[in-house]
Every structure is written in C-alpha cells, then in structure tokens.
Amino acid sequence: MSGSSKRKRVGVMTSGGDCPGLNAAIRAIVNHASLSYDWEVLGIPHATEGLLNRQSIPLGVHAMNLRGIDLLLTMGGTILGSVNSGDPLPVADQIIEGYHDLGLDALIAICGDGSLAILHQIAKRGGWNFLAIPKTIDNDVALTDRSIGFDTAVNTVTDALNRIISTAASHNRIMVVEVMGRTTGHLALHAGIAGGADVILLPEIPYSITGICRHIDELRERWNRKFALVVVAEGAQEVNSPGFVATSPSHPSIGQYVAEQISHCSQVPLEVRVSVLGHVQRGGMPLALDRILAAALGNMAVDLIAQSKFDRMLAWQAGKAIAIPIPEVLALSPRPLEPTSFLIRTAHGLGTYVGDNPPLPDIDLSLCGESLVCEL
Ligand code: F6P
C-alpha cells in the first residue's frame with residue numbers, strides 16, 4: 001500500500017497503430033498498481049476519444065479478477081481500442097477536462113511517436129501527470145532500443161519470408177515482399193536479415209533498379225541461383241526519385257512498382273510475384289520479448305507515479321528500463337536507421353543488396369584494443 005492515504009486513480013490508454021504486447025503492458029500496469037499499491041486503474045477506450053466522452057473501464061483486479069487480467073498477457077491488439085488518425089488538438093480543452101472529470105491522478109499512454117507528440121502537448125497544457133510507454137512495429141521511437149510490438153512483428157515477417165522463399169525456389173521466381181515501417185526500415189532490415197533476403201530496400205538508403213538488376217543477374221550467372229527474395233520497406237526510396245507515389249492502378253504499392261521494374265531487369269524473362277504483408281504484421285500473439293518488455297516498462301511506469309515523476313517516456317536501453325524526458329524523445333523521433341550501422345554492415349557481409357550505399361568505412365579493429373567488445 002502506498003504511503004499516501006488517498007487511493008490513487010490511474011488512467012491507461014493505447015493510441016496509434018496497434019501491435020502485439022499492448023495488452024501485456026496493460027496487464028503489468030493493472031497488476032502492479034493494484035497488487036503493490038492498491039490503486040484504482042481505469043482503462044480509457046479509444047485514446048483521446050474516451051477522455052472526450054468521459055468513458056472509462058475499471059481495470060483494477062478489484063473489478064476484473066486476476067484470471068480476467070491474466071488473459072491479457074497473450075492477447076494481440078488492445079482491449080481498450082485505439083485511434084490511428086485524426087487531430088484531437090482542436091478539442092484539446094475538452095480532452096483535458098475529461099482527464100480531470102474522470103478524477104485521474106495520473107495517465108499512462110502506450111503509444112508511438114506520432115501520438116506521443118500530440119498527447120505531450122495536451123498533457124502540458126492541461127497540467128496532467130503524464131507518462132508514456134513506447135509501442136510500434138516500426139521501432140522508430142528514439143532513445144529506446146525496442147518499442148513494444150517490434151520483436152513480434154520481426155518474427156511475423158520472418159515467418160512469412162520463410163514460407164515465400166520455398167515457393168520462390170520451387171518456381172525459380174523473384175518474390176517481392178512489401179513490409180510496413182512507415183518512414184523507416186528497421187522492420188525490413190531486421191526481418192530481411194533473419195529471413196535471408198537477397199535484396200532489402202530501405203527508406204534510409206535509396207536503391208537503383210540498376211543495382212537490383214545487377215545483383216539478381218549475379219545470383220543467376222555466378223551462383224546459378226535463379227530465384228531471389230526482395231524485401232521492400234513501404235517507405236523505400238529510389239535514387240533521384242522524390243519519393244514513391246502510387247503511379248497507376250497497376251502498381252498501387254511500392255512492392256508492385258519494384259516488381260514491375262524488376263520484371264524488365266534481365267535479358268532472360270524473369271517471373272516476378274508480389275506479397276504485400278499489410279496488417280498481418282500488426283497482429284498475432286505477443287512473443288516472449290515483447291511480453292517481457294511490456295511487463296518491465298508497465299511496472300516501472302507505476303513506480304514512477306508512486307514517486308511523482310512525470311513527463312517521461314519509459315525506454316529500454318542496454319537491457320534495462322529507464323525513464324527519459326519526453327521532449328528529448330520527440331526531438332529525435334522518428335528515428336531512422338543509421339546507413340553505416342553494424343546491421344547494415346552485416347547485411348552487406350551476407351551479400352545482400354541494401355541500396356546504392358556509399359562504400360562503408362573499413363573497420364579498424366585496432367580501435368578495439370585488447371577488449372573483445374568493439375563498437376563496429
Ligand atoms: O505505425 C505502424 C504502422 O503499421 C505503419 O507501419 C503503417 O504504415 C501504418 O501503421 C498503417 O496505419 P493504418 O493502420 O492506419 O493503416
């Protein structure tokens with residue numbers, strides 16, 4: 001039981017695109033707040049719309065028995081619902097009043113960088129006690145190694161690539177797989193490496209069709225590999241192109257666009273097929289790492305409330321949960337891939353074409369001295 005006599009009332013909401021692990025975070029917040037502090041927990045349905053309409057769902061173990069809460073650990077999506085569009089700022093004052101009318105002592109939002117920017121503005125204007133927990137399959141929230149949902153999405157895409165590469169090999173086809181990630185390539189790069197992609201197209205490193213064709217030709221001529229797996233991030237950029245825009249009904253997505261370009265690649269006719277994974281990447285049961293991340297960040301959010309520390313985002317850095325001032329996160333989000341990162345270097349080493357990257361600087365291992373750990 002906390003020291004203060006008044007029983008706190010903590011609000012929790014999910015905002016932005018959903019992902020696996022949201023419910024696991026809700027469960028962690030409810031369990032710690034209820035069992036360790038005997039506080040009340042109110043779920044706010046559909047993010048700011050719930051505050052606007054003064055809606056709340058009692059979530060404390062007093063209202064739902066532990067068995068009911070436990071089911072949240074393995075459920076995809078969010079029991080609170082979410083919104084991923086619209087601009088609530090014009091009705092910010094009514095939203096602010098909703099927080100106060102519901103009698104909240106604090107509000108935890110599980111959200112991505114887009115919602116965080118909006119909610120932070122409203123929270124400052126309304127004097128809320130506000131905390132955020134990062135979630136997104138894009139993993140583009142800055143200053144946290146991982147956001148909830150990313151690891152499960154990487155595994156979902158990798159599973160899809162495992163299935164697609166076998167049919168590619170069976171028919172000697174070029175299979176183009178379009179993945180989400182909004183303006184960054186974290187998901188495409190991680191899953192592309194895990195799934196053994198031959199080509200990974202990223203927003204951060206523009207590609208050229210010449211580069212792709214040369215790579216596919218080399219696979220055929222030098223390695224007698226007549227099939228290939230091409231992973232395309234939805235935000236991938238073509239060299240000297242202002243940014244992909246669906247240019248015709250025949251290729252309404254960048255995956256179709258790239259497939260059409262590849263089909264004209266080689267002297268020999270290439271059979272090319274496209275799979276756009278879409279919202280499959282957002283679904284499914286959270287895998288262990290996302291459940292652990294959700295539990296750690298949800299748990300720490302409750303402890304920060306007990307210590308009256310607000311205006312912070314929980315983050316996962318070097319294997320532990322920390323709290324970072326939200327303005328610092330917003331200043332660096334959305335976080336792009338570093339074109340010279342060790343993972344890009346790893347993809348190169350695997351013989352993957354990852355765009356027309358300038359040659360990476362050699363690694364000077366002497367910089368590592370005697371240590372076995374070296375920032376590559
Ligand atoms: O931010 C998560 C995400 O899945 C992006 O990768 C994707 O571009 C976007 O959301 C899709 O948004 P919606 O669910 O509104 O179509």
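The values are calculated or read from the model by the stated rules, or taken from the named source; none is laboratory data. All values derive from a computational prediction rather than experimental measurement. Virtual Cβ from ideal backbone geometry, glycine too; neighbours counted across all protein chains shown. Heads up: the accessible areas ignore ligands, DNA and RNA and are worked out on the full protein's heavy atoms, side chains in. Shrake-Rupley method; radii C 1.70, N 1.55, O 1.52, S 1.80 Å.
Using only helices, what value at 222 nm comes out for the chain when you add -39,500 (n - 2.57) per DSSP H run of length 4 or more and divide by the total residues, to the nearest 500 deg cm²/dmol?
When only DSSP H runs of four or more count, the value is -11000 deg cm²/dmol.
Using a 1.4 Å probe over the heavy atoms of the protein chains, calculate the carbon and sulfur portion of the accessible area of the chain as a whole percent.
55 percent
For helix 113-126, what angle does its Cα long axis make with the longest principal axis of the chain, in degrees from 0 to 90 and rounded to 10?
20 degrees
For region 48-189, list log₁₀ I(q)/I(0) at each q in 0.10, 0.19 Å⁻¹, using the Debye formula over Cα point scatterers of equal strength and ignoring solvent, two decimals each.
For the requested q values the scattering log ratios are -0.49, -1.21.
Check residue 102: other-chain or 5+ apart residues with amide H under 5 Å from its amide H, H built from backbone geometry?
Under 5 Å from the amide H of residue 102 lies no amide H from a residue far enough along the sequence or on another chain.
Roughly how many Å² of residue 118 are accessible to a 1.4 Å probe, to the nearest 10?
In the full protein context, residue 118 sits at about 50 Å².
Give, as a single signed number, the net charge of other residues whose beta carbon lies under 13 Å from the beta carbon of residue 82, with Lys and Arg counted +1 and Asp and Glu -1.
Every neighbour counted, the sum reads 0.
What net charge is computed for the residues neighbouring residue 21, neighbours being all others with C-beta under 12 Å from the C-beta of residue 21, Lys and Arg scored +1, Asp and Glu -1?
Once all neighbours under 12 Å are counted, the net charge is +2.
In the structure displayed, which of 124/320; 135/320; 8/135; 6/124 lie more than 21 Å apart, Cα to Cα?
In this structure, 124/320; 8/135; 6/124 exceed 21 Å between Cα atoms.
If one takes the longest principal axis of the Cα atoms in the chain, at what angle in degrees, from 0 to 90 and to the nearest 10, does the Cα axis of helix 22-31 lie?
Helix 22-31 and the main axis of the chain meet at about 30 degrees.
Taking 1 over the mean of 1/r across every pair of different Cα atoms in region 199-325, what Kirkwood radius in Å do you get?
It works out to 18.3 Å.
Between helix 288-306 and the chain, what is the angle of the helix's C-alpha long axis to the longest principal axis, kept within 0 to 90° and rounded to the nearest 10?
The answer is roughly 30 degrees.
To the nearest Å, what is the center-to-center distance of region 285-363 and region 110-157, using C-alpha atoms only?
Region 285-363 and region 110-157 have Cα centres spaced 11 Å from each other.
Taking each pair of different alpha-carbon atoms in region 124-164 once, compute 1/r for the pair, average those values, and report the inverse of that mean as the Kirkwood hydrodynamic radius in Å to one decimal.
Value: 12.2 Å, from the Cα pair sum.
Expressed in nm to one decimal, what extension gain is obtained for the pair residue 222 and residue 210 from 0.36 nm per residue of sequence separation less their Cα-Cα distance?
Computed gain between residue 222 and residue 210 is 2.6 nm.
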